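Written out below as structure tokens is the structure these notes cover.
The values are calculated or read from the model by the stated rules, or taken from the named source; none is laboratory data. Remember, it's a predicted structure, so these values are computed and weren't measured experimentally. No Cβ is skipped: glycine too gets one built from the backbone with ideal geometry, and neighbour counts run over all protein chains shown. Surface accessibility is based on the protein's heavy atoms, side chains included, excluding ligands, DNA and RNA. Shrake-Rupley method; radii C 1.70, N 1.55, O 1.52, S 1.80 Å.
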Amino acid sequence: MINKIKILITGGAGNIASALANRLSDNKENFIVIIDNLSTGSLSKVPQKENVKFIKADANEYNDIVPIFGRYNFDFVFHYSAVVGVKRTLENPILVLNDIEGIKNILNLSKNSGVKRVFYSSSSEVYGEPFEIPQNEKTTPLNSRLPYAIVKNVGEAFFKSYFQEYGLEYTIFRFFNTYGPNQSEDFVIPRFLKAALKDEPIPLFGDGLQTRSFCYVDDNVETCIKAMLSDECINDVLNVGSDKEMTILDLASQIIQITDSKSSIIHLPALEEGDMTRRCPDTTKMKKILRRELISLDEGIKKLIDFYENRK
């Protein structure tokens, strides 16, 4: 590990974090340590490479991660561990609020061990109901009252405050809907796609006119790595997502069309909370960092279909 760049990824057995670890590990000059308590993540998502080390640990438990920081002198830390999924976060608010402990643990240990910069996976959920579309990092107010969004907002405040007090540099990523091969069926695209491939009904909550934008995981990961390697987003907030807004009803119809499925669309009662009417990011800063066009939804869905077919 002499002269290698040492990177910690918390929650690294999850969808986006495992993809990040996989891409970072392509560079043999990087050594990646992944920690995850496997409550929702899966070992099958962890890259099996010589320069990747997995440690089962809970970022919310200080005693779990103190020895990890003591053993490795990390250059960069990506704090991605969190309770995720609309249904799960609504049903387990105390579990969600406990993630604040992990934020404090990571920041305290990072500032005391010479970490150059910390990266935080925040969320589009912090915006709540939109006052403007597209949602801009600087001008859109953060107004969500749900525990998951509150924790993300509190987390952002901690990262900014640790820079102000201790000089620990940060970058905050506000992730909008990101999909890819390792995403569970708790999320909309894999749920719809797997139903369509089996010609099963596709269930929508409410009328399906709520809007989202969908970012393929490769675009997310490449943006975050380029942000790590550049000076463009130090001590700043960055929306990471697609700026192509669409209704969930149109998403279901598009998946049916791409898969040539016989699936019907059925409407379930609307969620009582947690289902914002619109969501679409201002991606001006992201596109400046990425410096290429984003993967289209059609192309991303076809990549997912190939992945599912090859896994059979």
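If you go through the range 86-114 and keep only what is open to solvent by 10 Å² or more (accessible area, probe 1.4 Å) and either in contact (Cβ under 8 Å) with a residue 60 or more places away in the chain or part of a strand (DSSP E or B) (or both), you end up with Val86, Lys87, Arg88, Thr89, Leu90.
Could you say which residue among Phe205, Phe163 is in contact (Cβ under 8 Å) with a residue 60 or more places away in the chain, surrounded by fewer than 19 Cβ atoms within 10 Å (Cβ to Cβ), farther than 29 Å from Tyr308 by Cα and touching an Asp or Glu at 6+ places or on another chain (Cβ under 9 Å)?
Phe163
In the range 277-299, the residue that is most open to solvent (accessible area, probe 1.4 Å) out of those that are part of a helix (DSSP H, G or I) and out of contact with any helix residue (DSSP H, G or I) (no Cβ under 8 Å at 6 or more places or on another chain) is Lys288.
Of the residues examined, Val96 is not one that is at pLDDT below 95 and in contact with an Asp or Glu (Cβ under 7 Å, 6 or more places away or on another chain). The single residue among Phe78, Phe119 that is part of a strand (DSSP E or B), touching a Leu at 6+ places or on another chain (Cβ under 9 Å) and at pLDDT 95 or above turns out to be Phe78.
For the range 133-147, the count of residues that are open to solvent by less than 10 Å² (accessible area, probe 1.4 Å) and modelled with pLDDT of 95 or more is nonzero. Taking Leu238 as the residue in question, decide whether it is within 27 Å of Phe119 (Cβ to Cβ), outside any helix (DSSP H, G or I) and either in contact (Cβ under 8 Å) with a residue 60 or more places away in the chain or not aliphatic (A, V, I, L, M) (or both). So Leu238 passes the test. For the range 34-75, the candidate set comprises residues that are in contact with a Gly (Cβ under 8 Å, 6 or more places away or on another chain) and assigned to a strand (DSSP E or B); within that set, the residue that is most open to solvent (accessible area, probe 1.4 Å) is Phe54.
Out of Asn27, Asn15, Asn3, I need the residue that is of a type outside the set (Phe, Trp, Tyr), over 21 Å from the mean Cα position of the chain (by Cα) and either open to solvent by less than 70 Å² (accessible area, probe 1.4 Å) or on the phi > 0 side of the Ramachandran plot (or both). Which one?
Going through Asn27, Asn15, Asn3 in turn, the sole match is Asn3.
Just to be sure, is Ile9 β-branched (Val, Ile, Thr) and surrounded by 20 or more Cβ atoms within 10 Å (Cβ to Cβ)? Spelling it out, Ile9 is indeed β-branched (Val, Ile, Thr) and surrounded by 20 or more Cβ atoms within 10 Å (Cβ to Cβ).
Scanning the range 81-113 for residues that are hydroxyl-bearing (Ser, Thr, Tyr) and within 23 Å of Phe54 (Cβ to Cβ) gives Ser81, Ser110, Ser113. Note on the range 237-247: among residues that are surrounded by fewer than 21 Cβ atoms within 10 Å (Cβ to Cβ) and not basic (Lys, Arg), the one that is nearest to Asp275 (Cα to Cα) is Thr247.
With respect to the conditions (1) in a loop (DSSP other than H, G, I, E, B); (2) over 16 Å from Gly241 (Cβ atoms); (3) open to solvent by 70 Å² or more (accessible area, probe 1.4 Å), Lys303 lacks only one, and its number is (1). When the range 260-276 is filtered for residues that are open to solvent by 70 Å² or more (accessible area, probe 1.4 Å) and charged (D, E, K, R), the ones remaining, listed by number, are Asp260, Lys262, Glu272, Glu273. Taken over the range 138-185, the criterion of being part of a strand (DSSP E or B) and of a type outside the set (Phe, Trp, Tyr) is satisfied by Glu169, Thr171, Ile172, Arg174, Thr178. When we screen Ile172, Ile234 for residues that are in contact with a strand residue (DSSP E or B) (Cβ under 9 Å, 6 or more places away or on another chain), surrounded by fewer than 21 Cβ atoms within 10 Å (Cβ to Cβ) and within 23 Å of Lys152 (Cα to Cα), the only hit is Ile234.
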